[in-house]
Amino acid sequence: MRLRHLPLAGVLLVTTTLGARADDIAERVDRLLKQMTLEEKIGQLNMPSIGKNLSMDAVARGEVGAVLNFFSPESTMPVREAVARSRLKIPVLFGLDVLHGYRTMFPMPLAEAASFDPTLTERTAYWAAIEAKAGGVDLTFAPMADVYRDARWGRGIEGGGEDPLLSAAMTRARVEGFKRGGLGATVKHFAAYGAVEAGRDYASVDMSPGMLRDRYLPPYRAAVEAGVDAVMTSYVTVNGVPTTGSRFLMTDVLRGEWGFDGFVVSDMNAIAEMGTLGVVETGQEAAALAFEAGVDQDMDADHYRAHLADLVRTGKVAMESVDRSAGLVLAAKMRLGLFDAPPFDPAAGAAVIGSPDIRAVARAAARDTFVLLKNTDATLPLAPSVKSIAVIGGLADDRRNPLGQHAASARESETVTVIEGLRARAGSSVSVTHAAGCDAYCRSDDGFAAAIEAARGADVTVLVLGEPRDHAGEGGSRTSLALPGRQRELIAALSKLGKPIVLVLMNGRALALEDIHDQVSSILVTWYPGTEGGNAIADVLFGDAAPSARLPVTFPRTTGQVPLTYNEMPTGRPANDEDRYTSRFVDVASGPLYPFGWGLTYTTFRYQDVEIVNDKLGPEDWLLRVSVDVTNTGEREGRTVAQLYIRDLVASRTRPVRELKAFQPVTLAPGETKRIELAVSAADLGFHLDDGTYMVEPGRFRAFVGDNALATLSATFDVEEGMKLAPKSQSGAHSSGQTAASGAKP
Ligand code: BGC
């Protein structure tokens, strides 16, 4: 078995975007490779985690190209000292999961998707990068671009939610932010990790290739287009093939179709796990399979270090292939400036890391990610007449859970709790009492009586409940979307007092709230809000800022409805709760409790007079433009997010009932009306066949406009001439019809 990799110089010259600098890098890489032994080259392909697979002697021998899980600047020093003892002194790349911050934790990525504001995420990624760089990190294992539709999956909190367009926008912005801050970025987990069966972590994925391309690949592609440095495989199999051994994904799509020029790294130990998956018998076979597929670097399976040299010596792997992969890693290090950086000083970043300026960014970002699901009787913002607040719930005084997952470099002592935030804001004019009721897991009702007493004596109860962070994230799949433990009993008991309850949720996924939402006045979803969460929550509860985020995932009524997403495929028997023989459940009303895109604020908006500016799309005019009047009908300035959904009414295969195609935040003064225009290229209205061909079929479409996925304002338009585009790697790319603006399609 010989590997068919492209020649190194060709790849670097063709695909690196920095012009002359790319040539320099290619030359520099070539020169360096000529000095390296096979073991040193393989070293570049070896990324052990701190622990059993990493020794400083191996670093000093040049057999370690990258490492991960060094959580503090000081901890990186032994590795750097070992590099200094090595023959060629090639810098080691430090990788870390900086998903939403290093020391200052910003909101989790799903929360930031709720802002429907890519500029917010670009900003937090930038500041996360600044801190992480000061902490000695070169490469983050982010963004996570896994679209997910089953809320049971724990890792959805790390990504952009259920919609490919929103997710792609957030992924792109995150890569841009990391890069602006000088941090390398890794998009993961290529591909379709979020589609695991039953939302059970590490389970398998089986779906049509057309669906894979339509729904799951766009966010990864957005990262590649934004110049991401690395791509990480996933743990799962897609249609029977482990992604870590998938030449189709790692080479044909990624390099052939998308022109990716960075390096591919396996997920942690994923190369070894191909043995458990039953596609290889030995470690050597696993190494060969991954390497042949196009995985350049082995994260912590220790298989490339152990087997690649033998594979080369026995002629099973070509030396040029090792050169090429090592060259890609070295080129990434050069682009990130590792070869030219001054010696790292672990103390130098002290003034930056966790600085007040960065915390201010975290506070502002957090309040822009909160979703107000309901707000009966305008309970929020708290009125000046509120003189006493009872703060209840196991997450009210918690420093750990609000930080979310991947917060190993954060300090819990720095978290602003909800109780601290509220007390600081309330000052002396409002009394804030606290009785937890139970801890974050709420397994016992021992504290309920005291909590009820506290609530009885207060004007308003702020009830801070949710999921402890270990109920989400990696390995955090759940069978139930209900609030864990006895939290629902606590809500029921408090609601009997008949006083206003503001339910503040900290949660890592869509929750099923039907059984409790009538028992509270207001529900504010704050996800895991990060270091400044308590202050941001106080800002919003007291009305210093208005919540304006929208759900990036559908909130079902009950767990049994999942997967439940707005962009589902149609059925021949659409749900009708009066008709048994339609697509529904007999024991719950159809549809979500809160749809995708939903979110209230402290004012109200009206959408009216939708118009399609050009209702015949064809070669002369590919841009669909939909305009609508948006009016702030309330008494306070506010922000809404105008959303455009499309349905292809008749096509040769069924199309989703709706797909988000554009969104636009709009801020209006009280009484103000603005005519908003949302636009999308007709080239983006198509779908993929299973062979990768992308088509836009002529015919009639319907556009829906409003502020959530159930928007009813609509109008139709026609695509008069379609297009068909074969995947780049296939011959006869433009087989018929228009290709217009669509060269970018997979
Ligand atoms: C996760 C990745 C992560 C890696 C390194 C794996 O278990 O799946 O998302 O980047 O560990 O921490």
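The values are calculated or read from the model by the stated rules, or taken from the named source; none is laboratory data. Bear in mind the structure is a predicted one, so any value in this text is a computation, not a measurement. Every residue, glycine among them, receives a Cβ derived from its backbone with ideal geometry; neighbour counts consider all protein chains shown. Side chains included, ligands, DNA and RNA excluded: accessible areas come from the protein's heavy atoms. Shrake-Rupley method; radii C 1.70, N 1.55, O 1.52, S 1.80 Å.
Being out of contact with any strand residue (DSSP E or B) (no Cβ under 9 Å at 6 or more places or on another chain) and either of a type in the set (Phe, Trp, Tyr) or within 16 Å of the ligand (Cβ to nearest atom) (or both) is the filter here; which residues of the range 73-117 pass it?
Ser75, His100, Gly101, Phe106, Met108, Leu110
Could you list, in sequence order, all residues of the range 632-646 that are open to solvent by 10 Å² or more (accessible area, probe 1.4 Å) and either under 25 Å from the mean Cα position of the chain (by Cα) or among the hydroxyl-bearing types (Ser, Thr, Tyr) (or both)?
Thr633, Arg639
Could you check how many residues of the range 272-285 are touching a residue at least 24 places away in the same chain (Cβ under 8 Å), away from the ligand (no atom under 13 Å from the Cβ) and assigned to a helix (DSSP H, G or I)?
Residues meeting the conditions: 3.
Please go through the range 23-67 and give me each residue that is of a type in the set (Val, Ile, Thr), without any contact (Cβ under 8 Å) to a residue 40 or more places away in the chain and farther than 16 Å from Leu93 by Cα, ordered by number.
Matches in the range 23-67: Thr37 only.
Mind telling me which of the residues Ala309, Ala378, Ala347 ends up being out of contact with any Ser or Thr (no Cβ under 8 Å at 6 or more places or on another chain) and at positive phi?
Being out of contact with any Ser or Thr (no Cβ under 8 Å at 6 or more places or on another chain) and at positive phi holds for just one of Ala309, Ala378, Ala347, which is Ala378.
Results for (1) on the phi < 0 side of the Ramachandran plot; (2) touching a helix residue (DSSP H, G or I) at 6+ places or on another chain (Cβ under 8 Å); (3) crowded, with 24+ Cβ neighbours inside 10 Å; (4) assigned to a helix (DSSP H, G or I), shown as yes or no for each residue.
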site	(1), (2), (3), (4)
Gly51	no, no, no, no
Val64	yes, yes, yes, no
Ser75	yes, no, no, yes
Pro78	yes, yes, no, yes
Ala82	yes, yes, no, yes
Glu112	yes, yes, yes, yes
Thr121	yes, yes, yes, yes
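Does the range 558-569 include one or more residues that are polar (S, T, N, Q), without any contact (Cβ under 8 Å) to a residue 24 or more places away in the chain, over 21 Å from Ala426 (Cα atoms) and part of a loop (DSSP other than H, G, I, E, B)?
No: the range 558-569 contains no residue that is polar (S, T, N, Q), without any contact (Cβ under 8 Å) to a residue 24 or more places away in the chain, over 21 Å from Ala426 (Cα atoms) and part of a loop (DSSP other than H, G, I, E, B).
Just checking, does the range 445-466 include any residue being touching a residue at least 40 places away in the same chain (Cβ under 8 Å), touching a Leu at 6+ places or on another chain (Cβ under 9 Å), open to solvent by less than 10 Å² (accessible area, probe 1.4 Å) and part of a loop (DSSP other than H, G, I, E, B)?
no
From the residues in the range 232-246 that are assigned to a loop (DSSP other than H, G, I, E, B) and within 16 Å of the ligand (Cβ to nearest atom), which one is farthest from Val329 (Cα to Cα)? Steps first, please.
Step one: filter the range 232-246 for residues assigned to a loop (DSSP other than H, G, I, E, B), giving 234-236, 239-240, 246.
Next cut, within 16 Å of the ligand (Cβ to nearest atom) only: 234-236.
Details: Ser234: 19, Tyr235: 22, Val236: 24 Å.
Filtering first and then ranking leaves Val236.
Answer with yes or no whether Asp146 is open to solvent by 10 Å² or more (accessible area, probe 1.4 Å), within 16 Å of the ligand (Cβ to nearest atom) and in contact (Cβ under 8 Å) with a residue 40 or more places away in the chain.
no
Identify the residue in the range 247-266 that is part of a loop (DSSP other than H, G, I, E, B) and open to solvent by less than 10 Å² (accessible area, probe 1.4 Å) and, among all such residues, is nearest to the ligand (Cβ to nearest atom).
Pass one, the range 247-266, residues part of a loop (DSSP other than H, G, I, E, B): 258-262, 266.
When the remaining residues are screened for being open to solvent by less than 10 Å² (accessible area, probe 1.4 Å), the result is 260, 262, 266.
Numbers: Phe260: 18, Gly262: 16, Ser266: 10 Å.
Only one residue tops the list, namely Ser266.
Any residue that is open to solvent by less than 60 Å² (accessible area, probe 1.4 Å), farther than 16 Å from Val92 by Cα and either charged (D, E, K, R) or assigned to a helix (DSSP H, G or I) (or both) - is there at least one of those in the range 344-357? Give the steps one after another, and end with the answer.
Looking only at the range 344-357, we keep the residues that are open to solvent by less than 60 Å² (accessible area, probe 1.4 Å), and these are 344, 346, 349, 352-355.
Remaining after also requiring farther than 16 Å from Val92 by Cα: 349, 352-355.
Imposing the further condition that a residue be either charged (D, E, K, R) or assigned to a helix (DSSP H, G or I) (or both) reduces the set to 349.
The answer is yes, given that some residue of the range 344-357 is open to solvent by less than 60 Å² (accessible area, probe 1.4 Å), farther than 16 Å from Val92 by Cα and either charged (D, E, K, R) or assigned to a helix (DSSP H, G or I) (or both).
Every residue, every condition in (1) basic (Lys, Arg); (2) modelled with pLDDT of 95 or more; (3) out of contact with any Ser or Thr (no Cβ under 9 Å at 6 or more places or on another chain); (4) on the phi > 0 side of the Ramachandran plot, yes or no:
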residue: Gly475; (1), (2), (3), (4): no, yes, yes, yes
residue: Ala482; (1), (2), (3), (4): no, yes, no, no
residue: Thr531; (1), (2), (3), (4): no, yes, no, no
residue: Ala546; (1), (2), (3), (4): no, yes, no, no
residue: Arg550; (1), (2), (3), (4): yes, yes, no, no
residue: Pro570; (1), (2), (3), (4): no, yes, no, no
residue: Asp587; (1), (2), (3), (4): no, yes, no, no
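Restricting attention to the range 702-727, and to residues there that are at pLDDT below 95 and in contact with a helix residue (DSSP H, G or I) (Cβ under 8 Å, 6 or more places away or on another chain), which single residue is nearest to Ala679 (Cα to Cα)?
Met723
Going through the range 33-49 one residue at a time, which ones are assigned to a helix (DSSP H, G or I), in contact with an Asp or Glu (Cβ under 8 Å, 6 or more places away or on another chain) and buried (at least 20 other Cβ atoms within 10 Å of the Cβ)?
Answer for the range 33-49, where residues must be assigned to a helix (DSSP H, G or I), in contact with an Asp or Glu (Cβ under 8 Å, 6 or more places away or on another chain) and buried (at least 20 other Cβ atoms within 10 Å of the Cβ): Glu40, Lys41, Ile42, Gly43.
If you scan the range 477-506, which residues turn out to be crowded, with 23+ Cβ neighbours inside 10 Å and of a type in the set (Ser, Thr, Tyr)?
Ser477
Is it true that Glu514 is closer than 16 Å to Pro592 by Cβ and open to solvent by 10 Å² or more (accessible area, probe 1.4 Å)?
On the way: closer than 16 Å to Pro592 by Cβ: yes; open to solvent by 10 Å² or more (accessible area, probe 1.4 Å): yes.
For Glu514, the condition - closer than 16 Å to Pro592 by Cβ and open to solvent by 10 Å² or more (accessible area, probe 1.4 Å) - is met.
Being open to solvent by less than 30 Å² (accessible area, probe 1.4 Å) and over 31 Å from the mean Cα position of the chain (by Cα) narrows it down to one of Thr582, Thr565, Thr554, so name that one. Give the derivation first.
On the way: Thr565 fails: over 31 Å from the mean Cα position of the chain (by Cα); Thr554 fails: over 31 Å from the mean Cα position of the chain (by Cα).
Of the residues listed, the single one that is open to solvent by less than 30 Å² (accessible area, probe 1.4 Å) and over 31 Å from the mean Cα position of the chain (by Cα) is Thr582.
I'd like the full set of residues that are assigned to a helix (DSSP H, G or I) and within 13 Å of the ligand (Cβ to nearest atom), limited to the range 157-167.
Answer for the range 157-167, where residues must be assigned to a helix (DSSP H, G or I) and within 13 Å of the ligand (Cβ to nearest atom): Ile157, Glu158.
For the range 176-208, which residues satisfy the criterion of being within 15 Å of Leu254 (Cβ to Cβ) and either more than 18 Å from the chain's Cα centre (by Cα) or among the basic types (Lys, Arg) (or both)?
The one that is within 15 Å of Leu254 (Cβ to Cβ) and either more than 18 Å from the chain's Cα centre (by Cα) or among the basic types (Lys, Arg) (or both): Lys188.
With Val59, Val29, Val67 as the choices, which residue is within 16 Å of the ligand (Cβ to nearest atom), modelled with pLDDT of 95 or more and under 22 Å from Gly184 (Cβ atoms)? Walk me through how you get there before you give the answer.
Working: Val59 fails: within 16 Å of the ligand (Cβ to nearest atom); Val29 fails: within 16 Å of the ligand (Cβ to nearest atom).
It is Val67.
Count, please, the residues in the range 168-200 that happen to be closer than 20 Å to Trp527 by Cα and within 16 Å of the ligand (Cβ to nearest atom).
Selection size over the range 168-200: 4.
I'm trying to understand the selection: among the residues of the range 191-214, which are open to solvent by less than 20 Å² (accessible area, probe 1.4 Å), out of contact with any Leu (no Cβ under 6 Å at 6 or more places or on another chain) and not in a loop (DSSP other than H, G, I, E, B)?
Residues satisfying the conditions are Tyr193, Gly194, Gly199, Val205, Leu212, Arg213.
Can you find even one residue in the range 165-179 that is in contact (Cβ under 8 Å) with a residue 12 or more places away in the chain, open to solvent by 10 Å² or more (accessible area, probe 1.4 Å), within 19 Å of Thr479 (Cα to Cα) and in contact with a Ser or Thr (Cβ under 8 Å, 6 or more places away or on another chain)?
For the range 165-179, residues in contact (Cβ under 8 Å) with a residue 12 or more places away in the chain, open to solvent by 10 Å² or more (accessible area, probe 1.4 Å), within 19 Å of Thr479 (Cα to Cα) and in contact with a Ser or Thr (Cβ under 8 Å, 6 or more places away or on another chain): absent.
Answer with yes or no whether Ser409 is within 29 Å of the chain's Cα centre (by Cα) and either of a type in the set (Gly, Ala, Ser) or under 20 Å from Met105 (Cα atoms) (or both).
yes
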